Each structure stands twice: as structure tokens, then as C-alpha cells.
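First comes the structure, then the notes that go with it.
The values are calculated or read from the model by the stated rules, or taken from the named source; none is laboratory data. This one's a predicted model, so the numbers in the text were calculated from it and none came from an experiment. Here Cβ is always computed from backbone atoms with ideal geometry, including for glycine, and neighbour counts include all displayed protein chains. Side chains included, ligands, DNA and RNA excluded: accessible areas come from the protein's heavy atoms. Shrake-Rupley method; radii C 1.70, N 1.55, O 1.52, S 1.80 Å.
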Amino acid sequence: MGTENKGKNKDDKVGFGTLLLWNSRAVSTSIVTLMLAFLMIYCTDTLQVPAGYVSIILVASKLLDGVTDMCAGFIVDKTKTKWGKARPYELFIIAIWVCTWLLFSTPESMSLTAKLVWIFVMYALANSICYTFLNANNTPYMVRAFKSGQIVKLTSYGSIITMLAAVIFNMTFPALMAKIATSASGWSRLVLLFAVPLMAIGTLRMLFCPEKYDVDAEAKNAEPLKVTDVFKLIKTNKFILIIALMTFVFNFVCNMGVQTYYYTYIVGNVALMGISAIAQIVALPLAQ
């Protein structure tokens, strides 16, 4: 009995290198999400786009996101390739950074209508397509790459890594923003400065973490999920709608970039926003 438990514990071990590789993509996606929170002030202060129009774009994208979330789940579930079921969709980490850079590189000479179209297309591609597929493939990829005991450790310890990366970003980006993002071209250079290394970092787990376990073989007799099942769930479970509404409001408010406006116009120095982010370090032990 003791030997079996010892062998099991050994199988459930996760090396520090594996922990870093697996969470490399989470680090990349968490930072791109934080960066998109600066979209509002970029649009209003640099592109001179009214805040109301930007809000409409954000709302429209979130509504589109609800549709693409459902579609992405079905597409991932039906995928079968030499690389596995979920692993190929890791390539969207490259696409999301390209779209984010293009979003913050909106041509300043465009008309207002053209700017709005450009912003909507790039934001929708980044948020409603790329991020949606990266979110949809995450769990299927994990259960095919690791054993259950390893998954628990990857999730718990991995949250510390992603939170630490977020704290570092929140400390450095405002300071660089104050120095570099003083024009449209400056915003483009600033985002590119982060996009290139984080794009490379985000691809690491796709390259070094293969799918090793055939989970589908264990559930081959299970009844396949249909699109109608999703609508039945929404109709019979009101809590799904409540959670969806809460998520919608949370994402919408976070993307308003209120904190950035506060430090820019009330405090008078957006670089100080990075200094206040040091307080987030206190929350790191709570991630475990």
C-alpha cells in the first residue's frame, strides 16, 4: 500500500521547468488582457474617438463573444489532428498579439468611421475569436497533457506565476506609457515592445507540452453534446444567465480603464499608477 502511494505521488510530481512551460501561455494571455484595458484611453486621448462610440464597440464585441464562445467549444471538441485535439489552437496566441498590436496601431489619418471599423474588427478578432479559442482549448489540453494530481498542482502554483507576471506588468507599463505612448506611433512601439517577447513566451507550452492521454477513449460511449443542449441548459438554469450577466458587467467595467483616467487627469502622472501596483504583491500568498 505504501509503495503504491509512493509511486502515485512520484507520478503526480510537476517539475519547476514544466510548471513554467505550462503557464507560459497563461502569462501571455493575462498580460494581453491587462493591456486591452488601456484601449479606452488610447482611443479617446490619442485617436480622438468619442468614449460613447468606444463603449458601443466593447458592448458589441461582448455580445459577439457570447456566440463565438459556444462555437469554439464545439469546434475544439470535434478536432482531431496529429498534434491532438486542443494543442493546435495554441497558435491563436500569435494571432491575439498581432491583432492587439494592430489595434493599438490604428492609422491616425483615418476618418472617424474608418477608425471605428478598424477598432471593432481588431478588438473582435483579439477578444471574440483568438481569446475565445485560447480559453476553449485550455481545459481539454490540460487533461490530455497531465494526470489529475499534476493538474491540481499546475493550477494552484500556476496562479502565483500569472499573478506575479500581472503585478510586474502593472508596475512597468504605466511608467513606459508615460514616456513612450505620447503619440499614436508611440503607442504602436510600446505595444510591440511587449508583443514580440510575450508572443514567443506564449508559444512555449505548445512546443514542449504534448497531449499524452486519450481522454476521449474513456468517454467514447457518452452521448455527444448537441447545440440544442446548450439552449436547454440556459432555459432551465437561471443561474447560468446570472453568471453570464455578472461576467458581462465585470468585463465591461474593467475595459473602461477608469484607473488610467484617474491617474492621468486627477493625480496628474500616469507613471504613479505603476507604483501603486506594488501593493498587489501582498495578494500573491493568497493565490496558493
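With N denoting the number of residues in region 48-181, provide Rg(C-alpha) divided by 2.2 N^0.38 Å, to two decimal places.
Dividing the Cα Rg of region 48-181 by 2.2 N^0.38 Å gives 1.27.
At a Förster radius of 45 Å, what calculated FRET efficiency corresponds to the Cβ-Cβ distance of Gln48 and Leu91, to the nearest 0.05?
0.80
Rounded to the nearest 10 Å², what accessible area does Ile56 have for a 1.4 Å probe in the complete protein model?
Looks like 110 Å² after rounding.
With a 1.4 Å probe and all protein chains in place, put Leu102, Leu272, Leu47 in order of accessible area, largest first.
Of Leu102, Leu272, Leu47, the descending order of accessible area is Leu272, Leu102, Leu47.
Measure off 7 Å from each Cα along the Cα-to-Cβ vector at Thr182 and Lys147, then give the distance between these two points in nanometres to one decimal.
Between Thr182 and Lys147, the simple spin-label model gives 5.8 nm.
Kindly flag which residue pairs out of Lys85/Lys235; Lys78/Lys232; Lys85/Lys238 have an alpha-carbon separation exceeding 23 Å in this structure.
Listed pairs above 23 Å: Lys85/Lys235; Lys85/Lys238.
How much length would be gained if the chain were fully extended between Thr172 and Ile266, taking 0.36 nm per residue of separation minus their Cα-Cα distance, in nm to one decimal?
Value of the extension gain: 31.8 nm.
Please name whichever of Val191, Ala165, Ile180 sits farthest to the positive end of the charge dipole of region 136-219, dipole taken about the Cα centre and charges placed at Cβ: Lys and Arg +1, Asp and Glu -1.
Checked the options; the winner is Ile180.
How far, in nm, would the chain grow between Ile275 and Val67 when pulled straight, counting 0.36 nm per residue and subtracting the alpha carbon separation?
71.0 nm
Test of understanding: what is the full-extension gain from Lys78 to Val215, defined as 0.36 nm times their sequence separation minus their Cα-Cα distance?
So the extension gain works out to 48.0 nm.
At a probe size of 1.4 Å, how large is the accessible area of Glu211, to the nearest 10 Å²?
40 Å²
Based only on Cα atoms, what mean projected area does the convex hull of region 127-171 have, in nm²?
On the way: hull surface 15.2 nm².
So the Cα hull casts an average projection of 3.8 nm².
How much accessible area does Tyr53 have with a 1.4 Å probe, in Å² rounded to the nearest 10?
100 Å²
Taking R0 as 41 Å, what FRET efficiency do you get between Thr155 and Leu112 from their Cβ-Cβ distance, rounded to the nearest 0.05?
0.40
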